[in-house]
């Protein structure tokens, strides 16, 4: 059986697993591979069809037809790839009847429109942060009068915080609109804890994974999440954890998500978890969710396509896990030593640049908070994990 993967996130782990089951992994990709998105096909000895970065959905369908897949799995990390994978997947689902792990075009259209996603969820009783569509300064001023400052301005279809701005007052709001902005969403900046829940969904079954604590909401909206300490399971109340898991699962059901997706929330001090957005793709939190749940999420996607995954029977070995940024510059040998540490589950190297101040992100897991802190102190001899260790001690109460 030939399984075609759209993009190659996680192929270093997936390819050996697919081969062990007697199947052939093949890759069709159009991504740009750099320090943020490593080339995971290198050294895998597999068929790889490289498409131009701006390849259309129709061009990808033509290329996929030439590869003659028996199953298709999207490994999209970026929203543009997610949309094209939806088109490719829908073609093969409808015309070939093969197993497809890719969201339907309608699902991606809805999930990538943050305002319509909120409206859909709110109609079904799910708490969301209020958003107002704006395109001009008068509309922004009216939104600020209704919602109050500070006001967050964001693209209605963006990801990774691209284009987000914070207006503390009318003067800052007016300064932002000195140039045409195009369609935007306005939201009140909410003080609270940022949460994420990755969710597996297939065959009518939905399995939310660990609740991830991403820290307090940050007024520096341009700061990429890779800089922040993330902890799972989140050190929040049992009631808040249960609510976040329920909300994430319900959101995926309402959107008709297939495979693996992420629900982002804010834990409001009075109203509990409120949905910010849903990312209909593999998110940067996936390695942390895998470490905390004890499940290999990429293998789960393969098993779904092969008809051998029953989500209600999945059992992992839960752990206390973190994603933690490394401040010191690390060479290839140092990264390899870190990867061999028994507590390290995933290493994401990032090209060292002084203005970034971060060389890698580590996903580390141990059975207990105490064991996790001990492992991180050992790793700290190799890599600079400060000041995150002090923050982690406070979060874990250890």
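Computed from the coordinates by the stated procedures, all read-outs in this text should not be read as laboratory data. Just so you know, these numbers come straight off a predicted model, no measurement behind them. Every residue, glycine among them, receives a Cβ derived from its backbone with ideal geometry; neighbour counts consider all protein chains shown.
A few remarks follow.
- Segments 315-327, 249-261 sorted - mean Cβ within 10 Å per residue, highest first: 249-261, 315-327
- Just so you know, the Rg over Rh for region 190-318 is 0.96, from Cα atoms, with Rh as the Kirkwood radius.
- Where labels lie 7 Å past Cα in the beta-carbon direction, separation of residue 171 and residue 296 in nm: 5.8 nm
- Across region 319-398, C-alpha contacts under 8 Å between residues 6 or more apart give a mean separation that, scaled by the residue count, equals a relative contact order of 38 percent.
- For region 239-372, convex hull volume per residue from C-alpha positions, Å³: 163 Å³
- For region 285-326, average projected area of the Cα convex hull in nm²: 3.4 nm²
- Per-pair calculated FRET efficiency, R0 = 45 Å: residue 378 and residue 54 via Cβ, rounded to 0.05: 0.50
- Full-stretch length increase - residue 386, residue 109 - with 0.36 nm per residue and alpha-carbon distance subtracted: 95.7 nm
- FRET efficiency estimate (nearest 0.05) - Cβ-Cβ, residue 45 to residue 271, R0 45 angstrom: 0.30
- Whole-number D in µm²/s for region 130-188 (Stokes-Einstein; Kirkwood sum over Cα pairs; 10 °C, 1.306 mPa s): 143 µm²/s
- The equivalent ellipsoid that matches the C-alpha gyration tensor of region 5-157 spans semi-axes of 38, 17, 15 angstrom, in descending order.
- Volume in Å³ per residue [convex hull over Cα atoms, computed for the chain]: 149 Å³
- Share, in percent, of DSSP beta bridges within the chain that are antiparallel, nearest 5: 75 percent
- Highest average packing first - 132-141, 199-208, Cβ atoms within 10 Å: 199-208, 132-141
- D_trans [Stokes-Einstein, Kirkwood Rh over alpha-carbon pairs] for region 319-398, 20 °C, 1.002 mPa s, µm² s⁻¹: 170 µm²/s
- Mean residue ellipticity at 222 nm, helices only, the chain: -10500 deg cm²/dmol; runs of at least 4 DSSP H residues each add -39,500 (n - 2.57), and the sum is divided by the number of residues.
- Cα pair distances exceeding 15 angstrom across region 256-332, given as percent: 70 percent
- Added length on full extension, which subtracts the Cα-Cα distance from 0.36 nm per residue, residue 310 to residue 96: 74.7 nm
- Kirkwood hydrodynamic radius of region 120-238, from inverse mean 1/r over distinct Cα pairs, in Å: 16.2 Å
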